[in-house]
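Working notes, beginning with the structure itself.
The values are calculated or read from the model by the stated rules, or taken from the named source; none is laboratory data. What you see is a predicted model; the values in this text were computed from it and never measured. Here the Cβ is made from the backbone with ideal geometry for all residues, glycine too, and neighbour counts use every protein chain on show. SASA here: full protein model, heavy atoms, side chains in, ligands and nucleic acids out. Shrake-Rupley method; radii C 1.70, N 1.55, O 1.52, S 1.80 Å.
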Amino acid sequence: MNYNWNWKIFWEDAPDGTGTYLDSLISGMQWTLATAGTGWVIALVLGAVIGTMRTAPNKWMAKSANAYVELFRNIPLLVQMFLWYFVMPEVVPTALGDWLKSLPNMAFITAALSLGFFTSARVAVQVSAGINALPRGQLMAGTALGLTLPQTYRYVLLPMAFRIIIPSLTNEVAAIIKNSSVASSIFVVELMQSARSMQEFSAQVFEAFTAVTLIYLGISVIAILLSNLLERVTAVPGFITSGSAKVKGN
């Protein structure tokens, strides 16, 4: 293959006026972290609520939560991102749609919402699984102490469930970081879009995507290491060990 490798390209000035190509990649990394981080906060909050509703004794509440999970989990993320960005401003009232389209960070907001709702369905499944994995005696003990059902969930079931599902949530953290690359399809200048710009301006495609691969790998490894540390600190003896279920022996 006749290819002219040039690893010094990262220190050359980019034509878009953002500084060097390395500066452009660093800026893209920051947008990636911001998009993934905002999406993760949305996913965690919504996932906790929907996951709790899936285990509620009210059958209509549980069915509504299951419908939410099936809707957002089974529509591809790219399609959801296009719907949020291109379709939603056109179907809401005109004044609201015009205001949304005039927002300076509309693409970023759309990407974060898309990632948040898509991942919240996956988090909801994890949360409901964690709650269902708890002994039924914990629910009965909470009500026997005089706690209402919401209080039992808040103070007894959810704290234990989240400690159990931390390993599976670790996978979701890594997934949302990788899925944030889809945001480039709606013009968010995140890491993937920065690499494409570098490729188009410099024609150094291998250098650009090698750097992006290493950056994504580094971010994911750091996130997983932090999550593993949190897992060890919060592990529930007898329920989970090193990411796998373990039944406590007699």
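Can you give the charge dipole size of region 74-200 about its Cα centre, rounded to the nearest 20 debye, using +1 on the beta carbon of Lys and Arg and -1 on the beta carbon of Asp and Glu?
Computed charge dipole of region 74-200: roughly 480 debye.
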Original post:
Taking 0.36 nm per residue of separation and subtracting the Cα-Cα distance, what length does fully extending THR234 through TRP60 add?
Top reply: 59.3 nm
**OP:** Could you tell me the convex hull volume per residue, in Å³, taken over the Cα atoms of the chain?
**Re:** 171 Å³
Subject >> Debye, to nearest 20: dipole size of region 13-79, +1 on Lys, Arg Cβ, -1 on Asp, Glu Cβ >> reply: 740 debye
Subject >> Whole-number accessible area per residue in Å² for the chain, which is evaluated in the context of all protein chains at 1.4 Å >> reply: 55 Å²
Subject >> Within the accessible area of the chain (1.4 Å probe), percent carbon and sulfur >> reply: 66 percent
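For region 126-190, state the semi-axes of the equivalent ellipsoid (square roots of 5 times the eigenvalues of the alpha-carbon gyration tensor), sorted largest first and rounded to whole angstrom.
Working through the eigenvalues yields semi-axes of 37, 12, 7 Å.
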Original post:
With all protein chains present and a 1.4 Å probe, how do PHE209, PHE201 order by accessible area, largest first?
Top reply: PHE201, PHE209
**OP:** Before anything else, pin down the relative contact order of the chain: Cα pairs under 8 Å, at least 6 apart, normalised by residue count, whole percent.
**Re:** 26 percent
Original post:
Can you give the accessible area of TYR68, probe radius 1.4 Å, in Å² rounded to 10?
Top reply: 40 Å²
**OP:** With all protein chains present, calculate the accessible area of THR148 using a 1.4 Å probe and round the result to the nearest 10 Å².
**Re:** 70 Å²
Subject >> Probe 1.4 Å - accessible area at LEU96, Å² to nearest ten >> reply: 80 Å²
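So for region 121-185, averaging the separation of alpha carbon pairs under 8 Å that are six or more residues apart and normalising by length, what relative contact order in percent results? Write down the numbers at each step before the final one.
Values: 31 pairs, mean separation 27.5, N = 65.
After rounding, I find 42 percent.
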Subject >> Sorted peptide list for 49-58, 121-130, criterion being average Cβ within 10 angstrom, highest first >> reply: 121-130, 49-58
**OP:** Pick out, from LEU226, GLY137, SER194, the residue whose Cα sits farthest towards the positive end of the charge dipole of the chain, with +1 on the Cβ of Lys and Arg and -1 on the Cβ of Asp and Glu.
**Re:** GLY137
Original post:
With θ set to phi - 60° and the Karplus curve 6.51 cos²θ - 1.76 cosθ + 1.60, what are the ³J(HN,Hα) couplings of region 17-34 in order, to the nearest whole Hz, using x for Gly and Pro?
Top reply: x, 8, x, 7, 4, 5, 4, 5, 5, 5, 4, x, 4, 5, 5, 4, 5, 5
**OP:** Would you pull out the residues with amide H under 5 Å of THR20's amide H, same chain only if 5 or more places away, H placed 1.01 Å from N?
**Re:** ALA14
Subject >> Calculated FRET value between LEU71 and LEU225, using beta carbons and R₀ = 25 Å, to 0.05 >> reply: 0.15
**OP:** Note down the magnitude of the dipole of the chain about its Cα centre, charges +1 on Lys and Arg C-beta and -1 on Asp and Glu C-beta and zero elsewhere, to the nearest 20 debye.
**Re:** 1500 debye
Subject >> Centroid-to-centroid separation of region 14-30 and region 40-101 [C-alpha atoms, Å] >> reply: 33 Å
Subject >> Separation of the TRP7 and ALA133 label points, Cα + 7 Å toward Cβ, nm >> reply: 4.3 nm
Original post:
chymotrypsin sites (Phe, Trp or Tyr not before Pro), restricted to region 1-39: which are DSSP loop and have at most 10 other Cβ atoms within 10 Å?
Top reply: TYR3, TRP5
